[in-house]
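Worksheet: one structure, shown below.
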Amino acid sequence: MTGNHTGTAIEAQGLTLRFGHTLAVNALDLAIPRGSIYGFLGPNGSGKSSSIRMLTGLLKPTSGQARVLGETLPGGEEKLRLRIGYMTQKFSLYDNLSVQENLDFVARIYGVPRAQAKQRRDELISVYELSDQRKQMAGSMSGGQKQRLALAAATLHRPELLFLDEPTSAVDPENRREFWERLFDLCDGGTTILVSTHYMDEAERCHQLAILDLGVKRADGSPQALMNAMNAWVIEVAGDNLRELKAALGKEPLVLSAAQIGARLRVLIHKKQEITDPLPWLQARVGGRSLEFVRASLEDVFVSCTGVHHVGSAHVE
Amino acid sequence: MWGLPMWNRIWAIVTKELRQLSRDRMSFGLIVMIPLIQLMLFGYAINTDARQLPAGVVDMEQSSYSRALILATEASQVVQFTSQYSSMVEAEAAITRGEVKAVLYLPSDLDGRLLRRRAAGENPELSEPLGQWLVDGSDTVVASSIRGLRNMPLQEVVDQAFVPSSPTLEVVQYFNPEQRTVVNIVPGLLGIILTMTMVLFTSAAIVREREQGNIEFLITTPVQPFELMLGKIVPYVLVGFVQIAIILGAGNLVFDVPVRGRLDYLAMAAMLFILASLTLGLVISTIAKSQLQAMQMTVFVLLPSILLSGFLFPFEAMPRPAQVIAEMLPATHFMRMARAIILRDADIFSLQYDALALLAITAVGLLIASSRFSKRLN
């Protein structure tokens, strides 16, 4: 089972989590191939963290089950411990231990033999550029350094499957780019990665992703396929008084969203039978302003399937 | 799960905990300073044998006898006369105001009473009291100290003609012949201070990991709840023994409190008590959601440990329900064992009831704690 780069790393059927009266995750189905980077894209409270916590065995699903690396959850959590790595949303290593001490502690908890642990620790410190912070207390480091330390700790025991819960929420764009380079390096080495995010640019880097909203999976597939298959037209309007126009278009039931981008208004129109050609339909509503069809972005996909206006679920192979 | 990897994980947690503790200067300082300061404070301050109580006097006779009686009373050191009042009404008002704790009233026929008393000799039916003590009886310790002055010998006051009345029964005081409160207080303080630090440290140590989010990472590792708990407890067992050494050492040096019993017996009793207190802390840690809550629950255990354990008031004098509650506190059992071993050189085997009680508390605590702590967040 180990070292197998084909097949599925995670399969889930009807994974559901209920907290009291709220459904945090509602009947989630997943099929995540090995050796890929899979993204959970969704706003805060969409069930990304809860889903990850169920797949790591931290939360017991109310119903449904999952197979992670061949182990059935709930039930097989303990057998997975040495095979998965988990980087929590909030920094969860020890603030008053140094970089080296934190890594040594993690190595001992995972039972890495002493000589090997030292070598691995030094390797990680160099790969994740923490040599200057080796003796520094983790609590006094920057967001980017903490994130690199957390990733080093989560990958110390060379897990086959890595869970990252909003790993870049506390770092600047520069560090985010670097971080993703490291994820691709890990992926190249055969690690399957499940990462949650609310950044579009990050989601776009994933091989495949699922868009979550209010605990429901609204769409999944590769970013390109999701954009191609989007159930809405995207038209940009240029002209003046865009704020007023935005307010007016907001009242149209078939307009999913109208968002100002600089001097233009980006309008998403639901692909429905009432509209045969969206250009004249929109022209009638925007006066003399100029219109232009544009390519859908992942953000358009996200907007079209989350929030009050979502147009239903999509599944793209 | 059992075997070398398990012990390695436990040891990893123990060393991590010790390292963190040594970095937390405040906590590290408190481990040493709490027992030292409290020992000094309670050692000097707590005294059930009241002395130099402020008192007043109403002397209606103003004779040489009355003045001699007042001086002799003061010489007993139980009271110190701070005020003179001219009437009973004034004296009662002074007690009400809290100015004095007691007033000695000497009537205007004091000399006559003295003469009649001498004539009556030892015949108790004919003798009448010379004067009267008015006491603020709200504090029973004060009241009983003054009551001790009731049978004050009079030979210093009048002349040697009086035969000092011989007591009906003689009392021989074992183990603390000088009746110093501190002798009883120091061994008791072991129980109080350890209850405070052990319960608080363990409960806070686990709650802190949860508050800071470390638990979420730890429970995705191969660490088992039992290993985590044991790893968290062991460092504080060491802390507990350090504190015991400080209290007994300083108690012996400063207050001359002897350690009569065998140290290995004391160590055994201490070990049982420390384990019971630590599991109590563990139980709290599985209930409390924040360090503040853990602190409040610790105080909830600490207060009865101070008041009901026999630390300040004799256990035997408490009503039955209070005794039942006290029996559930580790401090009560350790208090008995510590005093027995330290002061009376008792054999550990004669204290098996308390030893078993501590073991039972530990077992029940561990059962509750490990059933409540699971490797899940929901």
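Modelled label positions at A:ARG114 and A:GLN136, each set 7 Å beyond Cα in the direction of Cβ, lie 3.0 nm from each other. For GluC sites (Glu not before Pro), the sites in the stretch A:122-204 that DSSP calls loop and that have at most 16 other Cβ atoms within 10 Å are A:GLU129. Once Rh is set to the Kirkwood radius over Cα pairs, what Stokes-Einstein translational diffusion coefficient, in µm²/s, holds for the protein assembly as shown at a temperature of 37 °C and a viscosity of 0.692 mPa s? This corresponds to a translational diffusion coefficient of 103 µm²/s. If R0 is 30 Å, the Cβ-Cβ spacing of B:VAL171 and B:LEU263 corresponds to a FRET efficiency of close to 0.45. 3J(HN,Hα) along the stretch B:333-346: 5, 5, 4, 5, 5, 5, 5, 5, 6, 6, 8, 10, 6, 6 Hz, from the Karplus curve 6.51 cos²θ - 1.76 cosθ + 1.60 with θ = phi - 60°, whole Hz, x for Gly and Pro.
Express the C-alpha Rg of chain A as a ratio against the empirical globular expectation 2.2 N^0.38 Å, rounded to two decimals.
Numbers: Rg = 22.3 Å, N = 317, 2.2 N^0.38 = 19.6 Å.
Scaled against compact globular proteins, the figure is 1.14.
I want the local charge near A:LEU28. Using Cβ-Cβ distances under 15 Å, sum +1 for each Lys or Arg and -1 for each Asp or Glu among the other residues. Kindly include the intermediate steps, with their values, before the conclusion.
Numbers: positive: A:ARG18, A:LYS48, A:ARG53, A:LYS60, A:ARG67, A:LYS217, A:ARG218; negative: A:GLU11, A:ASP29, A:ASP213, A:ASP220.
After counting each charged neighbour, the total is +3.
Derived scalar couplings between HN and Hα for the stretch B:363-374 equal 4, 5, x, 4, 4, 5, 4, 6, 6, 7, 8, 10 Hz in order, rounded to whole Hz, by the Karplus curve 6.51 cos²θ - 1.76 cosθ + 1.60 (θ = phi - 60°), x for Gly and Pro.
What number, rounded to the nearest 500 deg cm²/dmol, is the helix-based mean residue ellipticity at 222 nm of chain B, given -39500 (n - 2.57) per DSSP H run of at least four residues and division by all its residues? Intermediate values should be presented prior to the final figure.
Working: 14 runs with 235 residues, N = 378.
Taken over chain B, the calculation gives -21000 deg cm²/dmol.
What is the mean number of Cβ atoms from other protein chains located within 10 Å of the Cβ atom of each residue in peptide B:211-219, rounded to a whole number? Kindly include the intermediate steps, with their values, before the conclusion.
Working: counts 0, 7, 6, 7, 3, 9, 13, 3, 6.
That average works out to 6.
Direction-averaged projected area, Cα convex hull, the stretch A:1-73: 4.9 nm², rounded to one decimal.
Hey, with R₀ at 22 Å, roughly what FRET efficiency would B:GLU90 and B:GLN62 work out to, going by the Cβ-Cβ distance, to 0.05?
Values: r = 16 Å, r/R0 = 0.72.
My answer for the efficiency is 0.90.
Viscosity 1.306 mPa s, temperature 10 °C: give me the Stokes-Einstein translational D for the stretch A:231-295 in µm²/s, with Rh taken as the Kirkwood radius over C-alpha pairs.
On the way: Rh = 11.6 Å.
It comes out at roughly 137 µm²/s.
Summary of the geometry: the stretch B:74-120 and the stretch B:21-49, compared by the centres of their Cα atoms, lie 42 Å apart.
What fraction, in whole percent, of alpha-carbon pairs in the stretch B:53-147 exceed 18 Å separation?
Numbers: 2113 of 4465 pairs.
Taking all Cα-Cα pairs of the stretch B:53-147, the fraction more than 18 Å apart is 47 percent.
Sequence-distant contacts, meaning Cα pairs under 8 Å at least 6 residues apart, place the relative contact order of chain B at 19 percent.
Sorting check: for A:281-294, B:286-299, which peptide has the highest mean count of neighbouring beta carbons within 10 Å, and how do the rest follow? Mind showing how you got there, number by number?
On the way: A:281-294: 13.6, B:286-299: 16.5.
The most tightly packed comes first, giving B:286-299, A:281-294.
In percent, rounded to a whole number, the relative contact order of the stretch B:53-147 is 33, using alpha-carbon pairs under 8 Å and six or more apart.
Note down the net charge around B:ALA269, summing +1 for each Lys or Arg and -1 for each Asp or Glu among other residues with Cβ under 12 Å from its Cβ. Please list the in-between numbers first.
Numbers: positive: B:ARG262, B:ARG336, B:ARG339; negative: B:ASP264, B:ASP347, B:ASP354.
After counting each charged neighbour, the total is 0.
The modelled label-to-label distance between A:ALA31 and A:GLU244, using points 7 Å beyond Cα along the C-beta direction, is 5.3 nm. Take the Cα of A:GLU181, step 7 Å toward its Cβ, do the same at B:LEU36, and the gap between the two points is 5.4 nm.
With the cut-off at 19 Å, tell me which of the pairs A:LYS48/A:LYS271; A:LYS79/B:LYS232; A:LYS48/A:LYS217 have Cα atoms farther apart than that. From the list (A:LYS48/A:LYS271; A:LYS79/B:LYS232; A:LYS48/A:LYS217), the Cα-Cα distance tops 19 Å for A:LYS48/A:LYS271; A:LYS79/B:LYS232.
Note on B:LEU149 and A:ASP95: with the Förster distance fixed at 51 Å, the Cβ-Cβ geometry gives a FRET efficiency of about 0.25.
Here, P(r) means the percent of Cα pairs in each 10 Å bin from 0 to the largest distance; for the stretch B:138-279 it is 9, 24, 21, 17, 13, 8, 4, 3, 1. Translational diffusion coefficient, Stokes-Einstein: compute it for the stretch A:97-151 using the Kirkwood radius over C-alpha pairs as Rh, at 20 °C and 1.002 mPa s, and state it as an integer in µm² s⁻¹. It diffuses with D of about 193 µm²/s by this estimate. With Cα atoms as the point set, the radius of gyration and Dmax of the stretch B:1-118 evaluate to 30.1, 91 Å. So which aspartates and glutamates can A:LYS272 reach, going by Cα to Cα under 16 Å and dropping same-chain residues fewer than 8 places off? Leaving aside aspartates and glutamates fewer than 8 places away in the same chain, those within reach of A:LYS272 are A:GLU252. Take the Cα of B:GLN293, go 7 Å toward its beta carbon, and the backbone nitrogen atoms of the stretch B:202-216 under 15 Å from that spot belong to B:203-213.
We did not get these values from a lab; they are worked out from the coordinates using the rules stated. Quick caveat, the model's predicted, so the values are computed rather than measured. No Cβ is skipped: glycine too gets one built from the backbone with ideal geometry, and neighbour counts run over all protein chains shown.
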